[in-house]
Amino acid sequence: MKVFVSVDMEGITGLTDPEEMRAGGRGYERGCELMTADANAVITAAFDAGADKVVVADAHGNGKNLRVDLIDERCTLVRGPYKPMRMAEGLGNWCDVAMYVGYHARAGTPRGVLNHTWMGREIQNVTFNGEVAGEIRLMAAYASSLGVPVGLVTGDVAACAEAREVLGEVATVAVKKGSDRYAAELVPPARAHRMINEAARAVLASPDRWRRHDVEPPYTLGVEWSSTAIAQSCEVVPGVRLTGPRTTEFSTDDFHEIVGLLGVWSTIAGDVGCTGRHYG
């Protein structure tokens, strides 16, 4: 069995504060340790279930958050900024199942801890083939386009609900329950890690519980940006259409282009957004 594990940070055990998500922020280093512990709970379960290959992608921010000195030595770690497939770098049809750890709810989700879609302030909403989409939907659809089902999603209660909305009765583990965007009731790390490990073991032993989110091409990605400047800058990318003062769209039959374009757009948006940060 071959397993791909994508690890984001906002849905990690114990974390609620934006400072904990950013290098240099108060609590960030401890956040990296907790992120690595959540990942290790799944990695250990995978090898205990008989996996002969586990590839782990650091899927948060600059991709340099998982502690390389603490990650389970049996896995292969994909890390670093500007990875072409970003959150899904390393995923391919070599893989039997994908596991999404530390994921969060899409932008605007009530009581979704640290809810956003792809970027924190630059993106208001993302649509995929006309439906409002978060990272869970996008990553599940990308995996399915490669023939890979999803076995497990961990995060807060809102993220787990979103995963089931997208994937049906997929296995989930809620490690916190949001009372607002930046506050939550937490499951203590020791117990949360046992919960994640036990759920991963159970689902890896039961392939009939793995779920896919199949979407037929063509694929259309739409983004409502926070500013006209970002939208106009992103329109310069060949094939991108400006569909409103702050919205862009792109259509393709190749899902690699959807995921890759999100990365390109986020690079552009981050730079342009910082230029206008004093205007909101």
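Stretching the chain fully between Lys53 and Leu242 yields a gain of 63.8 nm (0.36 nm per residue, less the alpha carbon separation). Principal-axis analysis of the Cα atoms of the chain puts helix 28-48 at an angle of about 60° to the longest axis. Mean separation of Cα pairs under 8 Å and 6 or more residues apart, divided by the residue count, gives the chain a relative contact order of 20 percent.
Of all DSSP bridge pairs formed entirely within the range 149-259, close to 75 percent run antiparallel. The charge dipole of the chain, taken about its Cα centre with unit charges on the Cβ of Lys, Arg, Asp and Glu (plus for the first two, minus for the last two), comes to roughly 420 debye. Putting +1 on Lys and Arg Cβ atoms and -1 on Asp and Glu Cβ atoms, find which of Gly239, Asn129, Met99 reaches farthest to the positive end of the dipole of the chain. Working it through, the farthest residue towards the positive pole turns out to be Met99. Over the chain, dividing the summed -39,500 (n - 2.57) contributions of all DSSP H runs of at least 4 residues by the number of residues returns a 222 nm mean residue ellipticity of -10000 deg cm²/dmol.
Please identify the longest segment of the chain free of exposed chymotrypsin sites (Phe, Trp or Tyr not before Pro), where exposed means a DSSP state other than H, G, I, E or B and no more than 13 other Cβ atoms within 10 Å.
Numbers: sites that count: Tyr82, Trp94, Tyr182.
In the chain, the maximal stretch lacking such sites is 183-280.
Which of the following values of percent of Cα pairs over 36 Å apart was calculated from the structure shown: (1) 21; (2) 36; (3) 10? The value computed from this structure is option (3). What the Cβ-Cβ distance of Trp94 and Arg164 gives, at R0 = 35 Å and to the nearest 0.05, is a FRET efficiency of 0.80.
Please pull out the direction-averaged projected area of the range 1-157, using the convex hull of its alpha-carbon atoms, in nm² to one decimal place.
Working: hull surface 35.9 nm².
Approximately 9.0 nm², given one-decimal rounding.
What nm distance separates the two modelled labels at Leu70 and Ser251, each placed 7 Å from Cα along Cα→Cβ? Here the answer is 4.7 nm between the modelled labels.
Hey, what angle do you get for helix 189-204 against the long axis of the chain, alpha-carbon based, 0 to 90 degrees rounded to 10? Tilt of helix 189-204: around 90 degrees.
When you restrict to C-alpha pairs under 8 Å that are six or more residues apart and normalise by the size of the range 172-280, the relative contact order lands at 19 percent. Per residue, the convex hull spanned by the Cα atoms of the range 229-268 amounts to 56 cubic angstrom.
Give me the net charge for the shell around Ile123: Cβ to Cβ below 12 angstrom, other residues only, Lys and Arg +1, Asp and Glu -1. Walk me through the numbers before you get to the answer.
Values: positive: Arg106, Arg121, Arg246; negative: Glu122, Glu135, Glu224.
Around Ile123, the charge tally is 0.
The residue among Gly151, Val272, Ala174 whose Cα reaches farthest toward the positive pole of the charge dipole of the chain, with charges on the beta-carbon of Lys, Arg, Asp and Glu, is Ala174. Taking a sphere under 14 Å around the Cβ of Glu29 and counting the other residues whose Cβ falls inside, with K and R at +1 and D and E at -1, yields a net charge of 0.
Solvent-accessible area assigned to carbon and sulfur over the range 79-176 amounts to 45 percent, based on a 1.4 Å probe. Dipole magnitude for the range 21-166: about 460 debye, using +1 per Lys or Arg Cβ and -1 per Asp or Glu Cβ, origin at the Cα centre.
Normalised size of the range 130-215, defined as Cα radius of gyration per 2.2 N^0.38 Å with N residues, equals 1.13.
Answer with one residue from Ala192, Phe255, Pro218: the one whose Cα lies farthest towards the positive end of the charge dipole of the range 160-280, charges on Cβ with Lys, Arg +1 and Asp, Glu -1. Final value for the positive-end residue is Ala192.
The values are calculated or read from the model by the stated rules, or taken from the named source; none is laboratory data. Predicted, not measured: the structure shown is a model, and the values here were computed from it. Quick reminder, even Gly has a Cβ in these numbers, built from the backbone with ideal geometry, and neighbours come from all protein chains shown. What goes into the accessible areas is simple: the full protein's heavy atoms, side chains included, and nothing from ligands, DNA or RNA. Shrake-Rupley method; radii C 1.70, N 1.55, O 1.52, S 1.80 Å.
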